[in-house]
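First the structure, in the form of structure tokens, and then the observations on it.
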Amino acid sequence: MNTAGTLCRTRSTNPAFAGLDVSALAGRIGCTPFFAYDAAAIEWRIDTLRAQLPADTLLCYAVKANPLPALLRRLAPRLDGADVSSGEEIRRALAAGFDGAQLGFTGPGKSDADLTLAVRKGVRLCAESIGEIGRIARIAAHEGRPARVAVRVNPDVAVSGTQVRMNEAGVFGIDSDQLPAALRGLRDHRLTFAGFHYYCASRMLDADAVMALHAFCTADALRASDDAGLALDWLNLGGGFGIPASAAEAPLDMAAVTAHLHHIDARLKAAHPAARIALEPGRYLVGEAGIYVCRILDRKTVRGRTWLVADGGAHHHLHATLQPDRAQPANLPITLLQAVPRAGTECVSIAGPLCAPFDVLARDITLPVSQPGDLLVVFQSGAYGASASPVNFLGHPPAAEIVL
Ligand SMILES: Cc1ncc(COP(=O)(O)O)c(C=O)c1O
């Protein structure tokens, strides 16, 4: 980084933002805060991952990670499908160029209106409960259309290496021991069985833990389809691949994970020759290819701690902050762009403009000496940012978003 505002490369192998002049970009956009996404870096990530996967793996994208229409339009031609979790996400995915048949609809609490839209568009429905299977059957009958129904499974597995687990205490999916009843429900309602869906954890950086999870879910799916005498043609192993949030974290060893997926694929196809693995990462595809840029408005000392107060924070980028329940902010990598070169470094904490103690972007980090007007660049900001933050709190304007 230099004070003229040009970014060097990010610290991962991802080529995102190499050489980008952030100060000039801020001038062009005309306001802060903003998110900028490097589409070429996302395409690089997709292509790199695809080259490592078994040839017919369906590489999909979890729209919730970043549903910006301009971004979806860039990604759609390179992907085999998308995971969607609301009617709005279905509409955005269709508008971006995905076909309804390429979409999988997950999520608890799907409304009748959203289920109806999905049935009309031929979306694969990932049923999260036995009751939902009944509702899908009723809606499909009312629409006079067939419905393709996959079963989202909540496997009885202890996922290690991450704090973000969906399967243990969460509401998601159907317990493995309820699968016989769920599959009987599909048959009784004459719905088409369209595979099994597993998504158990997020922010996974430990390759051994990911491989153990993939192996467990595959065995679970093979057992359930054998017990029910069903042919399996779609095994969705979800996403959840992490990106390092700080210098203390090592990147996920994706080469090991994908080599293991070749074994899984062989095992799957030995039992079900037509079966294909599907993956639907979100964060891994877009996270490193986004920056959040905000401006320092004020600086002050409170009980001996130097605070920079920025115009950006939790209302745009909740994930980067303390959030209501964290002891420490994520401390995502942050770079300072000085408007005027100044020598020296200092220890600072960075707060946003919200009247809330969780609006803290960084605590006790070392940055070059700053002044109001300088820009802050928060890396690793491409996923779960603008669309996953309480933008209406206090009524500050939303962040601009731009695809480069
Ligand atoms: C069903 C489903 N699939 C995929 C994802 C993407 O997860 P990640 O961004 O951790 O890869 C999510 C995230 O919540 C999800 O709920």
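Could you check the spin-label model distance between Asp227 and Ser111? Points 7 Å from the Cα along Cα→Cβ, value in nm.
3.6 nm
Over the chain, how many percent of alpha carbon pairs lie in each 10 Å bin up to the one with the longest distance?
That works out to 5, 22, 30, 23, 13, 6, 1, 0, in percent per bin.
Check Asp175: other-chain or 5+ apart residues with amide H under 5 Å from its amide H, H built from backbone geometry?
Under 5 Å from the amide H of Asp175: Asn154.
Could you derive backbone 3J(HN,Hα) for region 231-242 from the dihedral phi with the Karplus parameters 6.51, -1.76 and 1.60 (θ = phi - 60°), listing whole Hz in sequence and x where the residue is Gly or Pro?
7, 9, 10, 8, 10, 8, 9, x, x, x, 5, x
Go through region 290-305 residue by residue and turn each phi into a ³J(HN,Hα) via Karplus (6.51, -1.76, 1.60, θ = phi - 60°); whole Hz please, and just put x for glycine and proline.
x, 10, 10, 10, 9, 10, 6, 9, 7, 9, 7, 10, 10, 6, x, 9
Kindly point out which whole DSSP H helices in the chain project their C-alpha atoms 15 angstrom or further along the helix axis while averaging a Kyte-Doolittle hydropathy of -1.0 or above. All intermediate terms of the calculation are to be shown ahead of the outcome.
Working: long enough: 39-52 (20 Å, -0.08); 130-143 (20 Å, 0.24); 207-228 (32 Å, 0.46); 254-271 (26 Å, 0.38).
Those that clear 15 Å and a mean of -1.0 are 39-52, 130-143, 207-228, 254-271.
If you scale each eigenvalue of the Cα gyration tensor by 5 and take the root, what three semi-axes come out for region 178-319, rounded to whole angstrom and sorted largest first? Please report the intermediate quantities before stating the final value.
On the way: eigenvalues 378, 68, 29 Å².
Semi-axes (√(5λ), whole Å): 43, 18, 12.
Classify region 81-157 as rounded, prolate or oblate, taking a ≥ b ≥ c as the square roots of the eigenvalues of its Cα gyration tensor: rounded when a/c is under 1.5, otherwise prolate if a/b is larger than b/c and oblate if not.
oblate
Calculate, for Thr366 and Ala24, the FRET efficiency according to 1/(1 + (r/R0)^6) with r their C-beta to C-beta distance and R0 25 Å; round to the nearest 0.05. Kindly include the intermediate steps, with their values, before the conclusion.
On the way: r = 26 Å, r/R0 = 1.05.
Taking R0 as 25 Å, the efficiency between Thr366 and Ala24 is 0.45.
Once phi is turned into ³J(HN,Hα) by the Karplus curve 6.51 cos²θ - 1.76 cosθ + 1.60 with θ = phi - 60°, what whole-Hz value does each residue of region 375-380 show in order, with x for glycine and proline?
My calculation for region 375-380 gives 9, 10, 10, 9, 7, 6 Hz in order.
Return an integer: the convex hull volume of the alpha-carbon atoms of region 305-396, in Å³ per residue.
Numbers: hull volume 8.6 nm³, N = 92.
Once divided by residue count, the hull of region 305-396 is 93 Å³.
Reachable aspartates and glutamates from Lys64, Cα under 12 Å, same-chain residues fewer than 8 places away excluded?
Result set, ordered by chain and number: Asp83, Glu88, Glu89, Glu280.
Rounded, prolate or oblate, given the Cα gyration tensor of region 79-230, with a/c below 1.5 counting as rounded? Present the calculation step by step, with values, prior to reporting the outcome.
On the way: a/c = 1.98, a/b = 1.31, b/c = 1.51.
Oblate is the answer for region 79-230, as a/c is 1.5 or above yet b/c matches or exceeds a/b.
Quick one: Cα centre-to-centre distance for region 187-207 and region 103-137, in angstrom?
One Cα centre to the other: 14 Å.
Calculate, for Glu249 and Asp47, the FRET efficiency according to 1/(1 + (r/R0)^6) with r their C-beta to C-beta distance and R0 25 Å; round to the nearest 0.05. Could the numbers behind the result be given before it?
On the way: r = 24 Å, r/R0 = 0.96.
Computed FRET efficiency for Glu249 and Asp47 comes out at 0.55.
Which percent, nearest 5, of DSSP beta bridges in the chain are antiparallel?
On the way: 27 of 59 bridges.
Restricted to the chain, the bridges split so that about 45 percent are antiparallel.
Each value in this text was obtained by applying a stated rule to the coordinates, not by laboratory testing. Just so we're clear, the structure is a prediction, and the values are computed from it rather than from any experiment. For neighbour counting, all protein chains shown are included, and Cβ atoms are generated from backbone atoms with ideal geometry for every residue, glycine included.
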